[in-house]
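The values are calculated or read from the model by the stated rules, or taken from the named source; none is laboratory data. These figures come from a predicted structure and were not determined experimentally. When we count neighbours, we look across all protein chains shown, and the Cβ atoms used for this are built from the backbone with ideal geometry, even at glycine. Calculation scope for accessible area: heavy atoms of the full protein, side chains included, ligands and nucleic acids excluded. Shrake-Rupley method; radii C 1.70, N 1.55, O 1.52, S 1.80 Å.
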Amino acid sequence: MNGVLNIYKERGMTSFQVVASVKRITGIKKVGHTGTLDPEAEGVLPVCVGRATKLVDYIMDGEKIYRASFQFGKISDTLDAFGEVQETGEPLPKLANVTEALQSFMGTTKQIPPMFSALKVQGKRLYELARDGKEIPREARVIHVSEIHLIDYDESSGEGSFLLCCSKGTYVRSIIDDLGRMLGSGAIMTGLVREATGGFQKDDSVTLSRLEQEGAEKYLIGIEEVL
């Protein structure tokens with residue numbers, strides 16, 4: 001069995017758990033995913049099986065599309081709703097200001113990865129250090145945003161969502177945190193869905209439960225087709 005499974009990762013599980021489930025369902029040991037999704041995020045997570053694991057880097061290099069939800073007026077140690085959240089007490093921004101501020105993220109910029117991330121430094125994941133109360137200097141990385149636009153925004157609650165097309169290595173939580181700082185109210189990410197990555201679309205993805213019920217062969221995309 002050699003090919004790619006376009007898995008829809010559901011909330012509450014890690015990308016590593018998805019890989020472990022695919023190994024169990026397929027009986028294949030050589031399995032790898034194409035870019036970590038946080039446990040509370042959901043969406044497209046292509047998983048390479050057998051000889052297709054050689055395509056991992058190729059797929060990861062592709063553009064990603066996210067739908068992100070946010071909340072102004074709050075900050076968090078993890079930059080999202082799943083850490084220690086605090087109210088800022090600052091006024092919520094107006095729609096026109098949010099729309100304008102989002103456009104400042106367009107193009108090629110540099111971004112410092114958050115401490116609560118899966119990046120490794122000296123053999124340790126950053127989130128492991130963060131859980132121990134440690135914060136270390138992180139090198140800014142080049143990212144590219146080709147599209148970002150507001151989907152909806154409620155001025156009375158400070159809640160909204162936007163669509164983002166970006167390069168690999170882009171932390172959406174950091175963009176939302178920067179947006180909150182820019183507008184003076186603070187902001188946290190409340191939800192994240194990866195709609196597409198490297199040409200794989202959400203509409204064509206399959207959940208692990210369906211994969212187990214119907215068999216992996218039905219959903220396996222051949223290496224030539226992926227290329």
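Would you mind stating whether residue 59 is modelled with pLDDT under 95 and either under 14 Å from the mean Cα position of the chain (by Cα) or open to solvent by 10 Å² or more (accessible area, probe 1.4 Å) (or both)?
No.
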Q) Of the residues 197, 170, 207, which is over 30 Å from residue 26 (Cα atoms) and among the polar types (S, T, N, Q)? A) 170
Q: Examine segment 66-74 for a residue that is within 17 Å of residue 155 (Cβ to Cβ), part of a loop (DSSP other than H, G, I, E, B), in contact (Cβ under 8 Å) with a residue 60 or more places away in the chain and open to solvent by less than 60 Å² (accessible area, probe 1.4 Å), and state whether such a residue exists.
A: yes
**Q.** Selection from segment 59-74 of residues that are closer than 19 Å to residue 47 by Cβ and touching a Pro at 6+ places or on another chain (Cβ under 8 Å)
**A.** 59
Q. Applying the selection to segment 100-118, what residues are without any contact (Cβ under 8 Å) to a residue 60 or more places away in the chain and either on the phi > 0 side of the Ramachandran plot or exposed (fewer than 15 other Cβ atoms within 10 Å of the Cβ) (or both)?
A. 100, 103, 106, 107, 108, 110
Q) Residues in segment 119-133: is at least one modelled with pLDDT under 90, within 20 Å of the chain's Cα centre (by Cα), open to solvent by less than 20 Å² (accessible area, probe 1.4 Å) and among the hydrophobic types (A, V, I, L, M, F, W, C)? A) yes
Q. Which is in contact with a helix residue (DSSP H, G or I) (Cβ under 8 Å, 6 or more places away or on another chain), free of Cβ contacts under 8 Å to residues at least 40 places away in the same chain and of a type in the set (Val, Ile, Thr), of 121, 142?
A. 121
Q: List every residue pair whose Cβ atoms lie under 8 Å apart, where the two residues are 6 or more positions apart in sequence or sit on different chains, the first residue falls within segment 200-220 and is among the polar types (S, T, N, Q), and the second residue, located anywhere, is modelled with pLDDT of 95 or more and open to solvent by 20 Å² or more (accessible area, probe 1.4 Å).
A: 201/195; 205/8; 207/8; 207/10
(Q) For segment 1-30, give me the residue count where each residue is under 15 Å from residue 42 (Cα atoms) and among the aliphatic types (A, V, I, L, M). (A) 4
Q: Please work out if residue 40 is surrounded by fewer than 21 Cβ atoms within 10 Å (Cβ to Cβ), modelled with pLDDT of 95 or more and either assigned to a strand (DSSP E or B) or of a type outside the set (S, T, N, Q) (or both).
A: no
Q) Only one residue in 52, 101, 96 is in contact with a helix residue (DSSP H, G or I) (Cβ under 6 Å, 6 or more places away or on another chain), under 24 Å from residue 157 (Cβ atoms) and at pLDDT 95 or above, so which one is that? A) 101
Q) In segment 104-118, how many residues are of a type in the set (A, V, I, L, M), touching a strand residue (DSSP E or B) at 6+ places or on another chain (Cβ under 7 Å) and at pLDDT below 95? A) 1
Q. What residue, among those in segment 87-131 that are hydroxyl-bearing (Ser, Thr, Tyr) and not in a loop (DSSP other than H, G, I, E, B), is nearest to residue 68 (Cα to Cα)?
A. 99
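Residues to consider are 226, 206; find the one that is open to solvent by 10 Å² or more (accessible area, probe 1.4 Å) and over 14 Å from residue 71 (Cβ atoms).
226
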Q) Taking into account only those residues within segment 168-188 that are more than 11 Å from the chain's Cα centre (by Cα) and not in a helix (DSSP H, G or I), which is surrounded by the fewest Cβ atoms within 10 Å (Cβ to Cβ)? A) 184
